[in-house]
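Asker: Please read through the structure below; I'll follow up with questions.
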Amino acid sequence: MTAVIGGGAAGIAAAKALIEAGLPVLGIERATSLGGLWRLDPGTASYEGLRLNTSKPRTEFSDFPMPAEWPDYPTRAQMLEYLRSYAEHFGVGGSFRFATTLESARRTGDGWELALTGPDGPYTETVEHLVVANGHNHQPRHPEPPYPGTFGGTESHAHDYVTPAELAGKRVLVVGTGNSAMDIAAELVGHASTVLLSARRGVWVLPKRLLGRPSDQLNGALAALLPWRVRQVVSQAVLRIADRKPAGPRLASPRRGVLQDHPTLSDSVPGLIARGEILARQGITRLDGSRVHFADGQADEVDHIVWCTGYRAVTPFLDTDTVPDPASLLLYRHVFPIGDDSISYVGLMQSTGSALPVVEAQGRLVAAVRTGTHRLPGPESARRIASAELDAARERWGQRRPHMRIDVDQYLRVVNRELRPSPARALAGRRILVTGAAGTFGRAMSARFTAQGARVVGLDIARPDGSDIPIIACDITSQESVDAAVAEAAALLGGIDLLINNAGRGGPAPAELAPGDEVEAQLRLNLLGAWRVTAAVLPHLVRARGQVVFIASRMAVLPLPLAAAYGVSKRALAAYADALRLEVGTHVGVTTVYPSMVRSPIHDSTKQAGLSLDAVSRPEPVEGVVDAIVRAVTARRAPRDVATTRRGRVEMMVGRHAPALADRLVRRTVAARMAAGDFAGAPLAAGMVRRHRSRSEP
């Protein structure tokens, strides 16, 4: 049993990862519901006007997008709704005991003995592993040492602030430069008689939108390409050009670069200071009754001080021998104590961006270690890696909580790379739906997927006997049949991570003849059938951040005569994949695979019509095609287009970039076959043979 302490974002993410890994979880939350600091009650640091300071795409969990209609920076209430919806969707709440306080956690030979107090009184539990996810915004931190003198007015910490109405008519001094200080100062304008903002040091106040987009997305885009020092130069140049500060008073200029401190976002505070609605002050030097003196010699009459001076990281249920100071722990990947596999930490960090992607990654890391699918380095190596990260943090951020500092983009790259499974395990646990599962490709793919640990369900026109995987009878040219079959498949699998659109139909269909039943049948199956199944599966893929693979054909880019319906349908399928990628590519990988000819029953009708193109299109083994598909679905990023052989890559390049040359090569090859009499007995090729003869006769 693994105990997860805390029901905020970190605890929810950790519990979800452990549950998905099949591990028993005991969640402990002292409140009566999930939500952590986004709940509005006396035990949290939340306030009515609280909003996200990171944008939706940079905040949401990878497998649970926020509603499209929400604003770029959701409100406190929306964030609470999002976390609870996430927990409900993944069945997290059932593992938590609410209104339960962990009084102490004591090591035993088998793990941890937990002293708990619940609604029915005190009791104990024993668990193997402890996940500390209690957050670090509980215990307010005040200036140390206290400022000289005595303050004669009232004072409070941001932790106790709820609405500006409680300070109406007062002369209020807000102390701090973080997001809470900016939010509270801006909210007090129009309620308090005077609002002062004391900043001991300069700070970067970034706009929430820059160049027409949420400002954190600029750094996120650059993070994939540039080291942080270069990003900092680029970001500051963009800020100088695009973020024109209003004329008038302003806060002191920062001494360090924009990426060397926790980001502070506000669209309103710079303008309020410039207009004199917020009075900017330097750091406090002393308190003298109702007067507060500042470093530049100014002094103001103040009725109330709001200390926005941060929080202490605490773990009150652990003794000081175990954790002297949580903010100074040396942790491998900010999660694991060196040489101690009985405890881990999720959310004990200060990120340059949103915490949610970080705690999601940390939860996955804990689950992988607990299940044995990921091995941590030995203590010596772990200490060396953690110490190097700490040295880099000190160089970038100085001595302000360096043990907790994380560059969100860099951290996620490192953890995702560390969690990337080996090729032999890359498909383990994947939930895969394969169309055309009873055919040549379908059987071969399904066998490979299941051999590598995936769970596979197939769709086909009929359910064959003796299949190694469940196959649901489905006519993919019927939307009603597709909807029912996809619902049944999703229920069997518990969701769908990967869709392989493999079902297809071939057959002779010369382009010069009016389209008949064969043409319509191929278009309905090869194009519209794949479209119907994809549309039905897409909600599952979006939730899972999954992938869809279309099995097209080399004929989509290198067309051949006498099989126009097949080539047209596969080219249209590739075009559909391209359009789909533009619409859903932010959440779903879209890949098109282009095999050449594989010997299978799909070609029987063409041979029977005397139109075999064996000598035009070189056959390739089905195993090679399956290899290419497996590489595509286990790649770090879903590839766009995949040729299955080296020759195929050359043919696709020629077909796309030198189509006239490709036409000449195909014509020459087909002409040689007609000259040899290969199509002499094929009525559907009679027109092409006649034209060839008339051209070659003197």
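Asker: Which residue pairs have Cβ atoms closer than 6 Å, lie 6 or more positions apart in sequence or on different chains, and pair a first residue in region 54-78 that is of a type in the set (Asp, Glu) with a second residue that is open to solvent by 50 Å² or more (accessible area, probe 1.4 Å) and outside any helix (DSSP H, G or I)?
Answerer: Every condition considered, the pairs that remain are Asp63/Arg545.
Asker: Let me ask something else. Of the residues Leu390, Leu433, Leu419, only one is within 30 Å of Asn134 (Cα to Cα) and at pLDDT 90 or above; which? Spell out the reasoning first.
Answerer: Values: Leu433 fails: within 30 Å of Asn134 (Cα to Cα); Leu419 fails: at pLDDT 90 or above.
Selected residue: Leu390, the only one of Leu390, Leu433, Leu419 that is within 30 Å of Asn134 (Cα to Cα) and at pLDDT 90 or above.
Asker: Mind checking which residues of region 322-331 are touching a Ser or Thr at 6+ places or on another chain (Cβ under 7 Å) and outside any loop (DSSP other than H, G, I, E, B)?
Answerer: The answer is Pro326, and nothing else.
Asker: Quick one: in region 518-549, of everything that is polar (S, T, N, Q) and not in a strand (DSSP E or B), which residue is nearest to Ile432 (Cα to Cα)?
Answerer: Kept after step one, since they are polar (S, T, N, Q), are these residues of region 518-549: 522, 526, 534, 547.
Restricting the remaining residues to those that are not in a strand (DSSP E or B) gives 522, 526, 534.
Details: Gln522: 25, Asn526: 20, Thr534: 13 Å.
Here the answer is Thr534.
Asker: I need the full set of residues from region 136-155 which are at pLDDT 90 or above, part of a loop (DSSP other than H, G, I, E, B) and crowded, with 18+ Cβ neighbours inside 10 Å, in order please.
Answerer: Correct list: Gly153 only.
Asker: Only one of Gly22, Gly27 is open to solvent by 20 Å² or more (accessible area, probe 1.4 Å) and of a type in the set (Gly, Ala, Ser); which? First the steps, then the outcome.
Answerer: Working: Gly27 fails: open to solvent by 20 Å² or more (accessible area, probe 1.4 Å).
Criteria check complete, one pass: Gly22.
Asker: Another question about this same structure. Can you find, within region 275-293, the residue that is surrounded by the fewest Cβ atoms within 10 Å (Cβ to Cβ) among those that are within 47 Å of the chain's Cα centre (by Cα) and part of a loop (DSSP other than H, G, I, E, B)?
Answerer: Gly276
Asker: Touching a residue at least 60 places away in the same chain (Cβ under 8 Å) and either open to solvent by 40 Å² or more (accessible area, probe 1.4 Å) or at positive phi (or both), is that true of Leu528? Give the steps one after another, and end with the answer.
Answerer: Numbers: touching a residue at least 60 places away in the same chain (Cβ under 8 Å): no; either open to solvent by 40 Å² or more (accessible area, probe 1.4 Å) or at positive phi (or both): yes.
When the stated conditions are applied, Leu528 does not pass them.
Asker: Going residue by residue through region 332-347, is there one that turns out to be assigned to a helix (DSSP H, G or I) and either in contact (Cβ under 8 Å) with a residue 60 or more places away in the chain or open to solvent by less than 40 Å² (accessible area, probe 1.4 Å) (or both)? Step through it out loud before you land on a result.
Answerer: Residues of region 332-347 that are assigned to a helix (DSSP H, G or I), as a first pass: none.
For region 332-347, residues assigned to a helix (DSSP H, G or I) and either in contact (Cβ under 8 Å) with a residue 60 or more places away in the chain or open to solvent by less than 40 Å² (accessible area, probe 1.4 Å) (or both): absent.
Asker: Among the candidates Thr108, Thr75, Thr117, single out the residue that is polar (S, T, N, Q) and modelled with pLDDT of 95 or more. Write out each step before concluding.
Answerer: Working: Thr108 fails: modelled with pLDDT of 95 or more; Thr75 fails: modelled with pLDDT of 95 or more.
Sole residue among the options that is polar (S, T, N, Q) and modelled with pLDDT of 95 or more: Thr117.
Asker: Tally up the residues in region 294-321 that are aliphatic (A, V, I, L, M), farther than 30 Å from Leu116 by Cβ and outside any strand (DSSP E or B), please.
Answerer: We begin by selecting, within region 294-321, every residue aliphatic (A, V, I, L, M); these are 295, 299, 302, 305-306, 313-314, 318.
This time we only want the ones that are farther than 30 Å from Leu116 by Cβ, so: 295, 299, 302, 305-306.
Cutting the leftovers down to outside any strand (DSSP E or B) gives us 295, 302.
Of the residues in region 294-321, 2 are aliphatic (A, V, I, L, M), farther than 30 Å from Leu116 by Cβ and outside any strand (DSSP E or B).
Asker: Further question on the same structure: For region 369-404: of the residues being within 19 Å of Leu348 (Cβ to Cβ) and outside any helix (DSSP H, G or I), which is most open to solvent (accessible area, probe 1.4 Å)?
Answerer: Filtering first and then ranking leaves Gln399.
Asker: Of all residues being more than 28 Å from the chain's Cα centre (by Cα) and of a type in the set (A, V, I, L, M) in region 197-214, which is farthest from Ser253 (Cα to Cα)? Just the residue, please. Step through it out loud before you land on a result.
Answerer: Initially, region 197-214 is screened for residues more than 28 Å from the chain's Cα centre (by Cα), giving 197-203.
This time we only want the ones that are of a type in the set (A, V, I, L, M), so: 197, 199, 203.
Values: Leu197: 15, Ala199: 10, Val203: 6 Å.
My answer is Leu197.
Asker: Just the residues that are assigned to a strand (DSSP E or B) and closer than 18 Å to Ile432 by Cβ, please, taken from region 550-596. Outline the logic, then answer.
Answerer: To start, the set of residues in region 550-596 that are assigned to a strand (DSSP E or B) comprises 550-551, 563, 589-594.
Once the filter is applied, which keeps residues that are assigned to a strand (DSSP E or B) and closer than 18 Å to Ile432 by Cβ, region 550-596 yields Phe550, Ile551, Gly589, Val590, Thr591, Thr592, Val593.
Asker: Then there's this: In region 624-648, which residue that is at pLDDT below 85, charged (D, E, K, R) and not in a loop (DSSP other than H, G, I, E, B) is surrounded by the most Cβ atoms within 10 Å (Cβ to Cβ)?
Answerer: Arg647
Asker: Determine whether Gly43 is closer than 30 Å to Thr177 by Cβ, crowded, with 22+ Cβ neighbours inside 10 Å and over 19 Å from the mean Cα position of the chain (by Cα). Give the derivation first.
Answerer: Working: closer than 30 Å to Thr177 by Cβ: yes; crowded, with 22+ Cβ neighbours inside 10 Å: no; over 19 Å from the mean Cα position of the chain (by Cα): yes.
In short, no.
Asker: Filter region 558-579 for residues that are surrounded by fewer than 18 Cβ atoms within 10 Å (Cβ to Cβ) and at positive phi and give the result.
Answerer: none
Asker: Further question: Of the residues Ser600, Ser617, which is polar (S, T, N, Q), within 43 Å of the chain's Cα centre (by Cα), farther than 30 Å from Val537 by Cβ and at pLDDT below 85? Steps first, please.
Answerer: Working: Ser600 fails: farther than 30 Å from Val537 by Cβ.
From the options Ser600, Ser617, the qualifying one is Ser617.
The values are calculated or read from the model by the stated rules, or taken from the named source; none is laboratory data. From a predicted model like this one, the values you see are computed outputs, not experimental measurements. Here Cβ is always computed from backbone atoms with ideal geometry, including for glycine, and neighbour counts include all displayed protein chains. These accessible areas exclude ligands, DNA and RNA; they are computed on the full protein's heavy atoms, side chains included. Shrake-Rupley method; radii C 1.70, N 1.55, O 1.52, S 1.80 Å.
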